[in-house]
Amino acid sequence: MKRLNLILYFTCIIYALCFLSCQKEVKINLTSGEEQLVVTGYIQERYPTYVFLSKSQHYFAPIDDNTLLNIAIHDAKVSVERNDGISHDLTFVSQSLIDSLNLPIDSLELPFPGIFVDLRYQEDNFTQIGYNYKLQIIWRGDTITSTTSIPPKYPIDSIWVERKDNISDTHKCYIWAQMQDPDTINQQDLMAR
């Protein structure tokens, strides 16, 4: 009985030390830091290259339509060069440019205030597998570069269907697809529902 009381006593002391220990409030001062260029770009076979450019924002800064207008960059020179020497300048496309085209589409709106697009990508079949591409951005006297390539296609190895255990919702089965790519790119399994 004494042994049980002793174990209970030490257990209570350990819990008290763990849960009633001293606490100190830590305040972290997150400074906004220096404004930097944020680049989001896409290149894909047989599609135009496009790049979104914006300025960095403080992590906790509120974001609204005006913020997006203020952080969008429209005065940069953006180009993409293929490793065989062919180079394309990307064109800044704004909402006012789209509106001026008088397209038959009533509500074609950009999700961002502006985007740089390769409008000549079809001229020389520019975006192809097997080439390296160099992105070059000149903004405020600074030059930012990046390189990439379009990886080869790897076909889907197999497709199968598995019935769901719970058929309470509208989907009664899963459709799975699997592909294998080389270890140098990453092994991938694809799933669709």
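Just so it is clear, none of the values below were taken in a lab; they were calculated from the coordinates. For clarity, every value in this text was computed on a predicted model and none was experimentally measured. With ideal geometry, Cβ positions are generated from the backbone for all residues, glycine too; neighbour counts draw on all protein chains shown.
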>> Could you tell me the calculated FRET efficiency between Asp84 and Thr40, based on Cβ-Cβ distance and R0 = 25 angstrom, to the nearest 0.05?
In response: 0.45
> If packing is taken as the mean number of other Cβ atoms within 10 Å per residue, what is the order of 66-73, 137-144, highest first?
Replying inline: 66-73, 137-144
> Ordered by residue, what ³J(HN,Hα) values in Hz, to whole numbers, does the range 129-138 give under the Karplus form 6.51 cos²θ - 1.76 cosθ + 1.60, where θ = phi - 60° and Gly and Pro are x?
Replying inline: 5, x, 10, 9, 10, 10, 8, 10, 10, 10
> In nm, to one decimal, how far is the Tyr15 label point from the Lys153 one, both placed 7 Å along Cα→Cβ?
Replying inline: 6.5 nm
>> Skipping prolines and chain starts, which residues have an amide H placed within reach, meaning under 5 Å, of the one on Thr49, given they are 5 or more residues away or on another chain?
In response: Asp118
